[in-house]
Protein chains: 2
Amino acid sequence: MTLSQAVLDRDRLALARLLTRVENNTDEGRAALDELFPHTGKAHLIGITGAPGTGKSTLVNQLALHYRKDGDKRVAIVAVDPSSPFTGGAVLGDRVRMRDLSGDRDVFIRSMATRGSLGGLAQTTAAVVQVFDAAGFDVILIETVGAGQAEVDIARLAHTTLVVEAPGLGDDIQAIKAGILEIADILVINKADRPGVESTERALRGMLELARQTQRVFHHHGQRMVVPAQEPKEESPLWVAEIKRTVAKDGEGVPELVEAIARHVAFLRESGEWISRERAQLQSTLDALIQERLVSRFRADIAPQHYEDALSKMMRRSLSPWKAVELLMNGRKK
Amino acid sequence: MTLSQAVLDRDRLALARLLTRVENNTDEGRAALDELFPHTGKAHLIGITGAPGTGKSTLVNQLALHYRKDGDKRVAIVAVDPSSPFTGGAVLGDRVRMRDLSGDRDVFIRSMATRGSLGGLAQTTAAVVQVFDAAGFDVILIETVGAGQAEVDIARLAHTTLVVEAPGLGDDIQAIKAGILEIADILVINKADRPGVESTERALRGMLELARQTQRVFHHHGQRMVVPAQEPKEESPLWVAEIKRTVAKDGEGVPELVEAIARHVAFLRESGEWISRERAQLQSTLDALIQERLVSRFRADIAPQHYEDALSKMMRRSLSPWKAVELLMNGRKK
């Protein structure tokens, strides 16, 4: 039996093995992704992002428990840590999680650290998510740390994006960024039993309101677009980000959060956004593969000495990078 | 007179105009970069990164003032904010800076927000830095917010990378990441007049020590490599990250920090690392341009209908992305 067949048959060991091959981008991993592809497109992908200290991991845990118990869903958790480029940094989080979720064969947790370039991380995450999707996981929780471009890229992968905040995390103007607000379908104020929750919610509402007055967020071909409010696009469906309070450590507010997520799914389905997002996601996968293939074919077509010569001339500033590209493109074997 | 000639003649208005064209990736911007390229390769690029609330911007200000007054250097500041994908978020920071540095014709400040993909951000930053380099700025301070892959990519661009911490920013294990330590040439504990500075320094020393015992960081062809300590690479030059305390708002510790930066430059020059890093940087520019050219040529070669057909079949799961690439590569006009 092939590895991908074993994964379709819900063999957990085969799943773990295949994920490693997919992460390492081996030929076997790629062949399996190809075989699994017809079985994808069913899962609901939920992205969860937010600064360290907001209790994201605990919230992800609680969401997983809730989907298991109340929805009888099979749940996968993908924990992506883009701030750890060299070493796997999410191990501790896994241990903590294991206590609540271990022994449940319908939960699978996978940690990923950045190992290559960022494009690589977003693409690898997409591939890992495809494996879980084909393996019959209904809900895939994709957790990322921070507020950088990695989160934005990974948010594009998800159907629903939660941005997690917590009271008193700093009055720094940079703590709550407009850019992060714009990727949020649902804003979660976790640790809502802490002092300052009112002012955090007020600040978030104020920023949402400001954004609503000065710009319109709408969806177009699966991309979230932001335009000045002066240019109305009446035909576009509009989702207004909801704000939810939770105390994840006690499970408080989690059922209400799950309801908000369900409302967002209904919006995506009714507006046609679900299909648009899927199309955008598949297109970005296709484009990345095309690019990869073109570059590897180019490398095979060019004499290494020509490339080195061009680089040496660039070092001496006698050839600009743009001229070097012309030279190399024209110097290909065919 | 061309725009690039005006920039070489130190015309500030021309510089501002050209930067906009370069950021927007216009043909005129590219032509000017090509013309300016022979004049690049002189500036010292210093990357400054760290979490919000560490006082990075104030520190960058103080470094700029110090290089102006004590070194008579021309200083450019590039403030990159990858957490703001849609809106320019660095405007407030600029205003604050202007008070100290305005009126000085040998200081130029430019803010950039992420507008495209992250690869795009690193490449655009590299292009902006090239313009400043050609325009005769001796020191280019590249400030980034956060601790994500964007910072790692931009750190690769810099000769010297400062990672800024502050006491009491959170005991969260994620606050000081191993990955970020690994990109630091110099660790700066800013706001060193605050309580907790001792324990922050102890924590940083501990993590550096641990890293030193378990892994070796060395340089190889301009890339920082991390290997287990068991595999010695005796021939490789080694820089041990320094820890410096500052109180940027009062300028305290800034002269000592500047001395540490000068030691790092001496290390880079003596070890040959300066040239290796430059080579690695030029190579990444060349590779990005090659990739871009290949993709745009491919798009011109393929019938849009073929591409759309492939995507529709992918949506129906009857064609995998890998098979779609084969189909499209073989279906090119030539």
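Laboratory data are not the source of any read-out in this text; all were calculated from the coordinates shown. From a predicted model like this one, the values you see are computed outputs, not experimental measurements. Cβ: placed from backbone, ideal geometry, glycine included. Neighbour counts: every protein chain shown.
Once the dipole of the stretch A:1-54 is set up with Lys and Arg at +1 and Asp and Glu at -1 on Cβ about the Cα centre, which of A:H44, A:M1, A:A31 lies farthest towards its positive end?
A:H44
Shortest first and in nm to one decimal, what separations exist between A:G272 and its copies in the other chains, measuring from label points 7 Å along the Cα-to-beta-carbon line?
Label-point separations across copies, in nm and ascending: 6.2.
In what sequence, highest mean first, do B:132-141, B:198-207, B:3-12 appear when ranked by Cβ atoms within 10 angstrom?
Working: B:132-141: 22.5, B:198-207: 14.7, B:3-12: 17.1.
Most protected by this proxy first, the peptides run B:132-141, B:3-12, B:198-207.
State, to one decimal in nm and shortest first, how far the label point of A:E198 sits from each corresponding label point in the other identical copies (label point: 7 angstrom along Cα-to-Cβ).
In nanometres, ordered from closest: 3.9.
List the distances, in nm to one decimal, from the label point of A:L210 to the label points of the same position in every other copy, shortest first, placing each label point 7 Å from Cα along the Cα-to-Cβ direction.
3.8
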